[in-house]
Amino acid sequence: MAKRRNFGDVALRKGYISEETLKKALEIQKKEQKRGRYPLLGLVLLKMGAITSTQLIEIILELEEKSHPGGG
């Protein structure tokens, strides 16, 4: 059974972000959750300037492809 991939895993594998950047983004995400906000990790990374909108879309498309192999 294949390991489930998440946004952070794909961004790291593609070399778009470092482990340190991922940790910072997850900390921001956690702080926001304590305030009752639930930002998606990709949007946190985008706001940080860690990834571009093109990279965000590429990761989302890859995750979507992995969750629906064969196009549906």
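Read the figures in this text as sums done on the coordinates, not as results from a lab. Quantities reported herein were computed from a predicted structural model and do not represent experimental measurements. Because the Cβ atoms are built from the backbone with ideal geometry, glycine has one as well, and the counts that use them run over all protein chains shown.
If contacts are Cα pairs under 8 angstrom and at least 6 residues apart, what is the relative contact order of segment 19-72 in percent? Display every interim value, and only then the final one.
On the way: 21 pairs, mean separation 12.5, N = 54.
Relative contact order comes out at 23 percent.
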- prompt: Which whole-Hz couplings ³J(HN,Hα) result when phi for each residue of segment 28-42 is put into the Karplus expression 6.51 cos²θ - 1.76 cosθ + 1.60, θ = phi - 60°, listed in order with x for Gly and Pro?
  reply: 4, 4, 5, 4, 5, 5, 5, 8, x, 10, 10, x, 6, 4, x
- request: Give the Rg/Rh ratio for the chain, taking Rg as the radius of gyration of the Cα atoms and Rh as the Kirkwood radius, to two decimals.
  value: 1.00
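So, R0 is 25 Å and r is the distance between the beta-carbons of K24 and T52; what FRET efficiency does that work out to, to 0.05? Could the numbers behind the result be given before it?
Working: r = 17 Å, r/R0 = 0.69.
Approximately 0.90, to the nearest 0.05.
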